[in-house]
Ligand SMILES: Cc1ncc(COP(=O)(O)O)c(C=O)c1O
């Protein structure tokens, strides 16, 4: 029995070793094969599972440069990425036109939302934010005793800045603007947001979450990041999860006044990893990737809108990698109908419980989605 077991173990070990060696060979080949070819082979093999267009991920990434950088850095994974993080911070500061002291790296931009939320929650103040919106910062603040003040979106499902300004009082410790907003995908008029941020930030920090802004048609005109360098009390959060297609690598950052950066950094409980850092560094240096990916996302968004319009459904004007539209039925029923067609859509977003959010996937995934929508909403 013992010898039977040990020969079984030996066989298993041998099998896994062979698989390991084969895995290494694949990795070596990846270093020399154009990443795009691998990319397409990997993706098309997974068609038996539901199409996952629920999490606002970006299946067009990571970029070839990021993949090559990770493979090259694999052997460095035995080290903490101290030096590499500093290089990334310098690169981010140069890109954003700010000082290194303004940059805080996060394990995803979610960590930036968490630590800033904790910081202001601990002061027990109120945070003014739009509903429905992305709630992570407010939930973090509430966990520490802060309070959220929710302001409904306007008729176009955009942030209602005048209504938000009207809710700011002596008790307000921060205002949060998600631009483009999740789940609606709408952007705020750039000039109005700038004027609002400059005015409001005289009294309290204004947090602008730009997780999806790289997907928008006119990023340069929309970004509020210059306000930080100009000395306004503004925080801008960015992520490598969306346009850069690195959601699984958990990399993001915040640009904020140096004093606030110093205060929130000790609240981090995680730290960035070698693969994420080298992939982020390579992504920022890949000049063509963002423009190409933005065009692919826009094409997917336009095609999805055409289907939704064709079905006579109302939708919010989107600028992210997702579309939010009115299904005309309870979201739970819609989710079930779509799942029956092998498509997984996003969770409910109260109070808009007849609306659904669909992320932009690969063209072949979107073809499955379009057919499913025509059936579910017929
Ligand atoms: C608006 C917004 N901000 C921040 C995040 C956090 O993303 P990550 O932690 O992957 O950077 C998300 C995630 O979906 C989001 O939708």
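Points to keep in mind about this one:
- Once the Cβ-Cβ distance of residue 258 and residue 48 is raised to the sixth power relative to R0 = 41 Å, the FRET efficiency obtained is 0.20.
- Convex hull volume per residue, computed on the Cα atoms of segment 86-163, equals 127 Å³.
- The chain: most fluctuating residue of 365, 199, 49 per GNM, C-alpha cutoff 10 Å: 49
- Structure remark: mean-square fluctuation, Gaussian network model of the chain, C-alpha springs under 10 Å; the largest value among 82, 334, 349 belongs to 82.
- Inter-centroid distance (Cα atoms) of segment 313-361 relative to segment 125-191, Å: 22 Å
- Rounded to 5, the percent of DSSP beta bridges in segment 68-284 classed as antiparallel: 30 percent
- Normalising the average separation of contacting C-alpha pairs (under 8 angstrom, six or more residues apart) by the number of residues puts the relative contact order of segment 235-378 at 17 percent.
- Rounded to the nearest 500, the helix-only mean residue ellipticity at 222 nm of the chain stands at -14500 deg cm²/dmol, with each DSSP H run of n ≥ 4 adding -39,500 (n - 2.57).
- Contour minus Cα-Cα distance for residue 367 and residue 221 (0.36 nm per residue): 49.3 nm
- Contact order, relative form, for segment 227-304: 26 percent (alpha carbon pairs under 8 Å, 6 or more residues apart, mean separation divided by residue count).
- Across segment 68-284, Cα-Cα pairs more than 21 Å apart make up 51 percent of the total.
- In this calculation the C-beta distance from residue 163 to residue 375 is compared with R0 = 41 Å, giving a FRET efficiency of 0.60.
- A Förster radius of 25 Å combined with the Cβ-Cβ distance from residue 267 to residue 74 puts the calculated FRET efficiency at roughly 0.20.
- The orientation-averaged projected area of the convex hull spanned by the Cα atoms of segment 289-376 comes to 5.5 nm².
- D (Stokes-Einstein, µm²/s), Kirkwood Cα radius, segment 215-273, 0.890 mPa s at 25 °C: 186 µm²/s
- Fraction of antiparallel bridges per DSSP, the chain only, in percent to nearest 5: 40 percent
- Shape call, the chain: gyration tensor on alpha carbons, a/c limit 1.5: oblate
- For the pair residue 95 and residue 329, label points projected 7 Å from Cα toward Cβ lie 4.2 nm apart.
- The chain: relative contact order in percent, alpha carbon pairs under 8 Å with at least 6 residues between: 22 percent
- Computed over segment 155-259, the quotient of the alpha carbon radius of gyration and 2.2 N^0.38 Å is 1.06.
- Within a Gaussian network of the chain (alpha carbon springs, distance under 10 Å), most fluctuating of 106, 254, 146: 146
Here, each number is a calculation from the coordinates, and none is a lab measurement. Computed from a predicted model, the values in this text were never measured in an experiment. Cβ: placed from backbone, ideal geometry, glycine included. Neighbour counts: every protein chain shown.
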